[in-house]
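Presented below is the structure to which this report refers.
The values are calculated or read from the model by the stated rules, or taken from the named source; none is laboratory data. All values derive from a computational prediction rather than experimental measurement. Quick reminder, even Gly has a Cβ in these numbers, built from the backbone with ideal geometry, and neighbours come from all protein chains shown. Surface areas here come from the heavy atoms of the whole protein model, side chains and all, with no ligands, DNA or RNA. Shrake-Rupley method; radii C 1.70, N 1.55, O 1.52, S 1.80 Å.
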Amino acid sequence: MRVLAIETATEACSAALFDNGALVDSRHEVLGRGHAERLVPMIAELPGKGRADEIRVSLGPGSFTGVRIGLAVARALGIAWHAEVRGYPTLALVAAMARGDSGQTVTVCMTGGHGEWFVQDFGGDGLPLGAVASFPPANAAARTLGDRLAGSKAEELGDLAGRTPDPVRLPDARHVPALPDSLLRADLAPLYGRAPDAKLPGG
């Protein structure tokens, strides 16, 4: 079975094609912006234009625009290819990359909104130890942290907490098979990581 993985929740944009779990080919670029223009050509550069039996796509939290772009492309390809589409949490992918085969716990710290950071802890089995939360930097550093620190804000968190961070900063679709299967979901609703800024009157 072929699986196409799509990761667009951060400034990195990546796509990877797998055949029965083995990596066939991949693309990974740190764009900042421009995911909408680059993602589809990136997939088309893969063997068979990336065609797969299943598509796995990042749900965030992260860039709202980036997540929406990845989901839109995944849904469209799923319809065109009659492929199953499942989503995964982006912070869990970063944790899987940092953990490797170590079995250690990982605290993932990523860029959030309004100067805050998205923070989530993961166990040695790759499963979350709690929900993702949004913290001011000082509050994030005051928490009990995992054995490893990873993510786009791991260096800053390490400076505040007096810890040396893991070199893993941004998610890469090549590592999607390392995610626990239980984290894959058919519900493709984006994960925001914090309450929306706009609220209904009286809310």
Fill in the blank from the handout: Heavy-atom accessible area of the chain with neighbours in place, 1.4 angstrom probe: carbon+sulfur share in percent works out to 53 percent
Practice task
Give the relative contact order (percent, whole number) for the chain; include only Cα pairs under 8 Å separated by 6+ residues.
Solution key: 22 percent
Fill in the blank from the handout: Diffing the range 170-182: the Karplus 3J(HN,Hα) column from phi (6.51, -1.76, 1.60, θ = phi - 60°), in whole Hz with x for Gly and Pro, holds 10, x, 9, 4, 4, 9, 4, x, 6, 6, x, 4, 5
Problem - Segment Asp159-Leu23, extension gain: residue separation times 0.36 nm, minus the distance between their alpha carbons - result: 45.4 nm
Handout entry: Of Ala5, Gly87, Pro47, farthest towards positive along the dipole that unit charges on Lys, Arg, Asp, Glu beta carbons give the range 3-95
Key = Gly87
Exercise for the section: Have a look at the DSSP beta bridges in the chain and tell me what percent are antiparallel, nearest 5. Expected result: 70 percent
Exercise for the section: Compute the relative contact order of the range 41-100 as a whole-number percentage, counting only Cα pairs closer than 8 Å that sit 6 or more residues apart in sequence. Expected result: 39 percent
Handout entry: Normalised contact order of the range 108-155, rounded percent, pairs of Cα under 8 Å and 6 or more residues apart
Key = 43 percent
Exercise for the section: Would you give the gap between the C-alpha center of the range 49-65 and the C-alpha center of the range 160-184, rounded to a whole Å? Expected result: 16 Å
Handout entry: Contour excess over end-to-end distance, with Cα ends at Arg185 and Ala131 and 0.36 nm allotted per residue
Key = 17.9 nm
Completion exercise
Given a 1.4 Å probe, the accessible area of the chain per residue, as a whole number of Å², is 46 Å²
Fill in the blank from the handout: Here the range 129-141 yields Karplus 3J(HN,Hα) values (6.51, -1.76, 1.60; θ = phi - 60°; whole Hz; Gly and Pro given as x) of 8, x, 6, 5, 9, 10, 10, x, x, 5, 5, 5, 6
Practice task
Just read off the accessible area of Asp147 with the full protein assembly in place, 1.4 Å probe, to the nearest 10 Å².
Solution key: 90 Å²
Handout entry: Size of charge dipole - the chain - debye, nearest 20, with Cβ of Lys, Arg +1 and Asp, Glu -1, no other charges
Key = 400 debye
